Structure formats: structure tokens, C-alpha cells
Amino acid sequence: MKFSRKNRKGSSPFMLTFQRLCHNRVAVIGMIITLLLVLIAIFAEYIMPYPYDKADFMATFAKPSREHLFGTDDLGRDILSRLIYGSRYSLQIGIFSVSGAMVGGIVLGSIAGYFGGWVDNLIMRCLDIFQAIPGMVLSIAVSAVLGPGFGNCIIALTISMIPSFSRMMRASILNVRKMEYLEAASSINCSSFRIIWRHVLPNSLSPLIVQATMSVAAAILIAAGLSFIGLGVQPPDPEWGAMLSSGRAYIRDYPHLVLFPGITIMIAVLSLNMFGDGLRDALDPKLKD
């Protein structure tokens with residue numbers, strides 16, 4: 001998508017990226033759904049029709065109706081309310097784990113990419129060991145060692161995602177390490193830390209931003225899987241994967257117990273992937289003329 005010189009004149013890189021993103025309808029839909037999920041998580045206490053932990057033993061296994069739009073579970077708790085409040089757990093796990101992995105990846109990738117040599121080899125070989133293990137398996141192993149829980153789930157996901165962020169950061173830095181402006185900074189005796197922080201990182205973050213957006217979706221999915229097998233957030237906390245795990249015993253007679261949490265996970269992951277794909281296209285240098 002091309003823009004006129006009038007639109008380009010005086011526009012910041014952020015505005016140009018936002019304009020490209022807005023011309024991608026799929027990305028806009030994903031962005032809107034993602035923002036709605038974030039707003040729902042923030043204002044969950046005011047949106048929930050019932051307290052998420054309120055049990056009504058007179059209305060157990062109620063099917064979807066006007067009173068309970070998504071029905072109730074085995075304890076009579078409103079499923080819609082639990083899904084709304086559960087968005088806090090799922091989104092926090094995704095955002096916090098990706099943020100931690102991104103920080104760790106930036107540090108390790110920057111050191112490996114900028115200094116190179118034996119430092120690069122040492123860091124990359126250590127990361128190769130972690131990447132040899134599938135991310136889900138590594139998350140299960142770390143969760144099994146640390147034990148189930150909200151915080152431990154975040155730690156497990158963070159550890160499993162650090163290698164991918166480190167490699168991407170290293171690759172970005174290798175592309176800009178020999179640029180003229182870095183040689184100019186070195187010629188005036190700028191410290192290595194200042195060069196990395198002020199010159200290398202700002203020109204290497206675009207791929208990481210896209211990777212982070214898609215990794216949030218992956219983290220939500222893996223966290224739901226950990227909760228489903230009992231290694232993530234534990235009941236009665238209404239995390240989406242934990243709700244799936246609680247309802248699987250009644251799936252034949254009361255499919256709504258797993259149907260609505262499954263659809264919610266699918267919508268969240270799909271919207272983040274749609275937004276991430278559009279963001280990647282908007283930040284792709286090949287699309288800039």
C-alpha cells in the first residue's frame with residue numbers, strides 16, 4: 001500500500017506504521033478484538049453479571065439461558081462471569097511471561113550479537129541446549145519442578161521463550177553491527193553499553209515487537225495446556241485452561257462447560273495472531289518505498 005507524499009511529509013515512523021496497519025482489515029479486526037479483551041480484563045469486576053466464585057447449588061449444570069448466558073458449572077457458578085474474570089489470569093500470564101522473555105532475550109542477544117567471538121559461541125551453544133527441547137515440554141518440565149501456580153507458570157513460560165527472543169535479537173544486531181553510524185560512535189570513544197542502548201537496540205527492535213505479539217498468543221495457549229494437565233493455575237481460580245480441565249469430566253452431558261472456554265481461547269489466540277501478522281507487514285522494510 002502506497003501513500004502520497006502529502007501523507008508522508010512530517011509523519012513519524014510510528015504514524016507511517018500505524019497507517020499501514022490500518023489499511024490491513026484483518027489486522028484491524030485482530031487489534032480491536034485484542035483491545036476489547038484487555039478492556040474486559042481491566043473492568044472485569046464491573047462487567048461480570050455475577051461474582052465469579054458465587055456458587056448456587058440450586059442451579060448446577062444449568063444450560064445457557066437468559067439468566068445465565070453461558071450456563072453454569074458443577075457448583076452453579078456462572079460460566080460467563082468466570083470467563084470474564086479469567087481473562088485477567090490468561091492475559092497476565094501471556095503479557096508477563098513474554099515481557100520477561102523479551103528482556104532476557106534482549107540482554108543475551110545484544111551481548112552475543114555485538115561482541116561476537118567466544119562470547120557469542122558460549123551464549124548460543126547454551127541456548128541451543130534449551131531450544132533442543134520443545135517449548136511445551138520445557139514448560140511442563142519447569143512447572144513440574146517449581147510446582148503449579150500462577151507465578152510458577154509465568155516463570156516456566158519465560159524460560160521456554162527466552163532462546164527464540166535471544167536468537168532474533170542477535171540476528172537483528174548482526175545486521176546493524178557494521179553500519180557507519182556505529183563506527184562513528186566507536187570513533188568518538190562511546191562505551192559499548194551506550195552504543196548498544198542508544199544505537200543498536202532502537203534499530204533492532206521491530207522484529208522483536210512482532211515476535212512478542214505472536215508470543216503472547218502462544219503463551220496463552222501453552223498456559224491453558226499447563227492448567228489443563230494440572231501444572232498451571234489451579235482451581236478455583238477461573239483461568240481458561242483450568243475451566244477446560246474442570247469441565248472435561250462432564251463433556252458428554254454438559255458440553256457447554258468446555259465449549260465456551262475453548263471458544264474464548266480460540267478467539268484470543270486468533271485475534272493476537274491476526275494483529276501480529278498485520279504488524280509484521282506494517283514493519284516490513286520491503287514494503288517501504
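The values are calculated or read from the model by the stated rules, or taken from the named source; none is laboratory data. Keep in mind it's a predicted model, so treat the numbers as computed, not measured. Cβ coordinates were reconstructed from backbone atoms using ideal geometry, including for glycine residues, and neighbour counts include every protein chain displayed.
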Residues (more than 24 Å from ILE95 (Cα to Cα) and of a type in the set (A, V, I, L, M)) located in the stretch 23-57: ALA55
Residue that is hydroxyl-bearing (Ser, Thr, Tyr), out of contact with any His (no Cβ under 6 Å at 6 or more places or on another chain), closer than 20 Å to GLY276 by Cβ and buried (at least 16 other Cβ atoms within 10 Å of the Cβ), where the choices are SER99, SER87, SER110: SER87
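So, of the residues in the stretch 228-270 that are among the polar types (S, T, N, Q) and modelled with pLDDT under 90, which turns out to be nearest to SER99 (Cα to Cα)? Write out each step before concluding.
First pass over the stretch 228-270, keeping only residues among the polar types (S, T, N, Q): 234, 245-246, 264.
Then drop every residue that is not modelled with pLDDT under 90, which leaves 234, 245-246.
Values: GLN234: 23, SER245: 27, SER246: 29 Å.
The selected residue is GLN234.
Each row is one residue, and each column tells you yes or no for (1) of a type outside the set (Ser, Thr, Tyr); (2) assigned to a helix (DSSP H, G or I); (3) modelled with pLDDT of 90 or more.
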residue	(1), (2), (3)
TYR85	no, yes, yes
SER90	no, yes, yes
ILE93	yes, yes, yes
VAL107	yes, yes, no
TYR114	no, yes, no
ASP128	yes, yes, no
ALA144	yes, yes, no
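Results for (1) buried (at least 19 other Cβ atoms within 10 Å of the Cβ); (2) assigned to a loop (DSSP other than H, G, I, E, B); (3) at pLDDT below 90, shown as yes or no for each residue.
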residue: ALA41; (1), (2), (3): yes, no, no
residue: TYR50; (1), (2), (3): no, yes, no
residue: LYS54; (1), (2), (3): no, yes, yes
residue: MET58; (1), (2), (3): no, yes, yes
residue: PHE61; (1), (2), (3): no, yes, yes
residue: ARG66; (1), (2), (3): no, yes, yes
residue: PHE70; (1), (2), (3): yes, yes, no
residue: ASP74; (1), (2), (3): no, yes, yes
residue: SER81; (1), (2), (3): yes, no, no
Checklist (1) part of a helix (DSSP H, G or I); (2) over 20 Å from the mean Cα position of the chain (by Cα); (3) closer than 25 Å to ALA55 by Cβ applied to LEU201, failing item: (3)
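Kindly indicate whether LEU287 is within 30 Å of VAL210 (Cβ to Cβ), in contact with a helix residue (DSSP H, G or I) (Cβ under 9 Å, 6 or more places away or on another chain) and at pLDDT below 90.
Judged against the criteria, LEU287 is a match.
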Long-range neighbours under 6 Å by Cβ, at least six apart or interchain, first residue in contact (Cβ under 8 Å) with a residue 60 or more places away in the chain within the stretch 43-65, second in a loop (DSSP other than H, G, I, E, B) and of a type outside the set (Val, Ile, Thr): TYR52/PRO238; PHE61/TYR254; LYS63/GLY71; PRO64/PHE70; PRO64/GLY71
Of all residues making up the stretch 239-251, the number that are over 19 Å from the mean Cα position of the chain (by Cα) and assigned to a loop (DSSP other than H, G, I, E, B): 1
Residues located in the stretch 113-145, provided they are of a type outside the set (A, V, I, L, M), over 30 Å from SER227 (Cβ atoms) and surrounded by 14 or more Cβ atoms within 10 Å (Cβ to Cβ): GLY113, TYR114, PHE115, GLY116, ASP120
